[in-house]
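The values are calculated or read from the model by the stated rules, or taken from the named source; none is laboratory data. What you are looking at is a predicted structure, and each value in this text was computed from that prediction instead of being measured. Positions of Cβ are backbone-derived with ideal geometry, glycine not excepted, and every protein chain shown enters the neighbour counts.
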Amino acid sequence: MERPLAGATVILEFKSGFPHTRYRSGRPRVNRKSLPDELQLAADLICEFAAGRAVARAQIARLLPATPPFHAACWRAALTIPAGETRTYQWLAAAAGRPRAHRAAAAAMARNPLAPLVPCHRVVSATGLGGFCGTMAQPGDRTPAHWALGMKLRLLENERTRR
């Protein structure tokens, strides 16, 4: 299943029995298949997020797969970042209980199965925008050329204007 979001497309699929999201540029393709309940719930929550409505953390947490404890702690910490605000990977590592593990926190965000519901777009590097969808911004890059980094900026701006 595919949904539009911030000028790109969120693709929802099942992996190992849990909903999983990924992004691609362009418009969504029409999909008329019936979906498993968990995938339909994830799609509904993404639509709520895209409409600017609050999404209950408990509903998101219910959809997360079993994972290494530090990854789960990073994802739970990311859920506490207010909409439109950012935190660094170092902050995320500390909030997850391992203050010196900022690279591991970045790896956890890279493996986030439910973006944008687990808001990895709100986590940035200490020197700037950081990465998103496997791409990295250069320090000081305010208008990134890659569609995914532009999407990260649009998501943050949308959240800031809705507050």
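Got a sec? Which helices (runs of 4 or more DSSP H) wholly within the range 35-90 have at least 3 residues that are under 30 Å from Thr127 (Cα atoms) and aliphatic (A, V, I, L, M)?
69-78
Residues are listed down the side, and each one gets a yes or a no for (1) aromatic (Phe, Trp, Tyr); (2) surrounded by fewer than 16 Cβ atoms within 10 Å (Cβ to Cβ):
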site: Arg3; (1), (2): no, no
site: Ala8; (1), (2): no, no
site: Phe18; (1), (2): yes, no
site: Ser25; (1), (2): no, yes
site: Asp44; (1), (2): no, yes
site: Phe49; (1), (2): yes, no
site: Ala56; (1), (2): no, yes
site: Ala66; (1), (2): no, yes
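Check whether at least one residue in the range 86-95 is of a type in the set (Ser, Thr, Tyr), within 13 Å of the chain's Cα centre (by Cα) and under 22 Å from Arg154 (Cα atoms), and report yes or no. Looking through the range 86-95, at least one residue is of a type in the set (Ser, Thr, Tyr), within 13 Å of the chain's Cα centre (by Cα) and under 22 Å from Arg154 (Cα atoms). The set of residues in the range 117-128 being in a loop (DSSP other than H, G, I, E, B) and either modelled with pLDDT under 70 or out of contact with any Pro (no Cβ under 7 Å at 6 or more places or on another chain) (or both) consists of Leu117, Val118, Pro119, Ala126. Taken over the range 32-42, the criterion of being surrounded by 13 or more Cβ atoms within 10 Å (Cβ to Cβ) and closer than 10 Å to Met1 by Cβ is satisfied by Leu35, Leu39, Gln40, Ala42.
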